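For reference, the structure is listed below as structure tokens.
Where a number appears in this text, it was derived from the coordinates with a stated rule and is not lab data. Everything numeric here is computed off the predicted structure, so don't read it as measured data. Here the Cβ is made from the backbone with ideal geometry for all residues, glycine too, and neighbour counts use every protein chain on show.
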Amino acid sequence: MNVIVCVKQIPDPAVPGALDGGTNTLKRDGKIVIDDSDMYGVEMALQLVDAAGGGEVSLVSMAPNNETSGLRTALAMGAVKAVLVSDPALQGSDALTTAKVLAGAVQRLGGADLIIAATESSDGYTGTVPEQIAEVLGLPSVTFAKKISIDGSTIKAERQTEAGYDEVTCPMPAVISVTAGVVEPRYPSFKGIMAAKSKPVDEVTAGDLGINPVGWAGAGQKISKVAEAEARQAGEIIEDDGEAFSKIVGFLENLKVI
Amino acid sequence: MAINSVWVFAQTTNGVPTSGTLELLTKARSLSSNVAAFIGGDGAAVAGALGGYGATKVYATGDLGGKLPGVAVAAAMKAVIDGGDTPDVIMFPQNYEGRDTVSRLSVKLDRTVLTNSIDIEDGGDGIAATTPIFGGNTLVTTSFTGSAPYLVAFRPKSFAPESSGGGAAEVVAAPVPDLGAAGGAQVTAVHVEEVSGPKLDEADVVVSGGRGLGEQAKFAMIEDLAKLLKAAPGASRAIVDAGWVPYSYQVGQTGKVVKPSVYIAAGISGATQHMVGMKGSKNIIAINKDKEAPIFGVADLGIVGDVNVVLPKLIEALKAR
């Protein structure tokens, strides 16, 4: 069984985000890492391939500046190869273009039994790309899956709902988006990290995939205004001296909560 | 531009339109007098309720037969548009079914989609939607440059629902066309997780716990405190990911948006992801060991201290009342 995982490489979330003053896109000039949300998909893919007793996990990613640091993390975990679509023209791409590009990368790999993505990225969180990829490829999908197993050529998944969860079956090939916490991602071993350095990353442009226009030209949207939200004022901050709980009681009394 | 018509992706629970649906209908009728609801299910039963919030027409697919709504409703919408009724704007709720549907439709129509929006306006730059980023500290307004229909998904509670007093909407059948392979997913069982006490996104008081609790067993304190305050218990993403509590407890960007009178954040540092979901609370109480924690920047009352010391005393004091 072959699985492709969509991986996003994002600015290190430990560093506060900022917009580029010229383009109003998210700045990407610092350290670039794999989106934490994608670690779950990579781990899930590795476990499913393992359980199937054969096959491999591949990666697809899109980034404007040939970044591979995040991909190397996923390769170190056990993925065997990656397609990186990198093109300065991709800057400013909207989610729809991103989905077309990633779907093109999936096709370049010859497709797969299963395509896995996170439910949304941690930096842009548009949250539409997995389902858009499914539609571009004409595949069925199960989004927000919190549990997945494979039975022959059928996926059995538990899908989150507002009220609880649904049991869903879906024939393969299919696209699945997985929630954070669906599995416990492994730490790459030293051996894995060393091996990842020589694993193949196929770098292509959007044009190589036959996709135009990309970037701002293809976005169908433009940022017209950026404003600071009205800041919420901090109130009283006190150090607990053992009696701070009574402050809370008083606060709740004033609000007539108790 | 003049907005000739707006569609709202409508949802129901137990046969009643969701509050999110009524919020969007309320906003929709401020944009256009021609508002249609589009529902993946039976339309007749809710035509009155939807009409009461401004829908003049209800497109209804009829029973989806266990298909996941996203792919089916998007295909039904596309069929109506192909049939000649093209709205200028289609509004979706930012939730599971709303996201799936708008994503599928964006590919079918080859239109961009704006998500996580909190407002929409018809201004100098045409139709523009506003989205909070960086935990709500910055508001980005994005306008559409292509041609209609414009697809926008809105965060819950972006608008206050107000009845229009309108009569029942006209029901129009919008059957789901053949979905081919894309329609392969099938729901085989539905599980409702029982929640006692008030619902998280409707409660007047919310008590949330985070990693500062130290271990899963300590979440019992959050449940105890919530019970004493008739509050709903909530959680940060960190402890949901860690498996301490189910996802349904999660407050934040990827969880529930709450706007209670009082929000108590216990052992939560205030990551962007969390702040987006609770910053609209009227009063915020934060308890955290780290006095530099971002949560103190939005707290009306901040206690720098160990939740495992403060909460037991607070619980005792409330029990003694």
Return one number: the angle in degrees, 0 to 90 and rounded to the nearest 10, between the long axis of the Cα atoms of helix B:69-82 and the longest principal axis of the Cα atoms of chain B. 30
Along its three principal axes, how long is the protein assembly as shown when you only count alpha carbons? Whole Å, largest extent first please. 69, 68, 50
The exposure ranking of B:211, A:159, B:321, fewest beta-carbon neighbours within 10 Å first, is B:321, B:211, A:159
Degrees between helix B:19-31 axis and first principal axis of chain B (Cα, 0 to 90, nearest 10): 50
Of B:164, B:120, B:221, which is farthest along the charge dipole of chain B in the positive direction, counting Lys and Arg as +1 and Asp and Glu as -1 at C-beta? B:221
Assign one of three labels to region B:58-189, namely rounded, prolate or oblate, based on the Cα gyration tensor with a ≥ b ≥ c the square roots of its eigenvalues; rounded applies when a/c is under 1.5, prolate when it is not and a/b is larger than b/c, and oblate otherwise. prolate
Among A:109, B:301, which comes first, then next, by fewest other beta-carbon atoms within 10 Å? A:109, B:301
Under 16 Å from the Cα of residue A:197, which lysines turn up, not counting those fewer than eight places away in the same chain? A:81
Net charge of neighbours whose Cβ lies under 14 Å from the Cβ of residue B:282, counting Lys and Arg as +1 and Asp and Glu as -1: +3
What is the spin-label model distance, in nm, from residue B:216 to residue B:164 if the labels are put 7 Å beyond Cα along the C-beta direction? 4.9
How big is the gap, in Å, between the Cα center of region B:129-167 and the Cα center of region B:239-280? 22
In nm², what is the average projected area of the convex hull enclosing the Cα atoms of region B:205-319? 6.0
Vicinal HN-Hα couplings computed from phi for region B:285-300 (Karplus, 6.51 cos²θ - 1.76 cosθ + 1.60; Hz; Gly/Pro x): 10, 10, 10, 7, 5, 8, 6, 8, 4, x, 4, 5, x, 10, 7, 7
Work out how much length residue B:34 to residue B:122 would gain on full extension: take 0.36 nm times their residue separation and subtract the Cα-Cα distance, in nm to one decimal. 30.2 nm
Log entry: pair-distance distribution for chain A, C-alpha pairs binned every 5 Å from zero, whole % per bin is 1, 6, 12, 16, 17, 13, 10, 8, 5, 4, 4, 3, 1, 0
Along the Cα→Cβ direction, 7 angstrom out, place labels at residue B:194 and residue B:282. What is the inter-label distance in nm? 3.2
Helix-only mean residue ellipticity at 222 nm for the protein assembly as shown, each DSSP H run of n ≥ 4 adding -39500 (n - 2.57), per residue, nearest 500: -7500 deg cm²/dmol
Keeping to pairs on different chains or 8 or more places apart, tell me how many lysine pairs in region B:6-183 have Cα atoms under 25 Å apart. 10
In whole percent, the Cα-Cα distances of region A:96-249 spread across 5 Å bins from 0 upward as 2, 7, 11, 13, 14, 13, 11, 10, 6, 5, 4, 3, 1, 0
Could you work out the pair-distance distribution P(r) of chain B from its alpha-carbon pairs, with 10 angstrom bin width and percents rounded to whole numbers? 6, 25, 29, 23, 14, 4, 0
Between 0 and 90 degrees, rounded to the nearest ten: what's the tilt of helix B:96-109 against the longest Cα principal axis of chain B? 40
Could you give me the ³J(HN,Hα) list for region A:173-181, computed from phi with Karplus coefficients 6.51, -1.76, 1.60 and θ = phi - 60°, whole Hz, x at Gly and Pro? x, 7, 10, 10, 9, 10, 7, 5, x
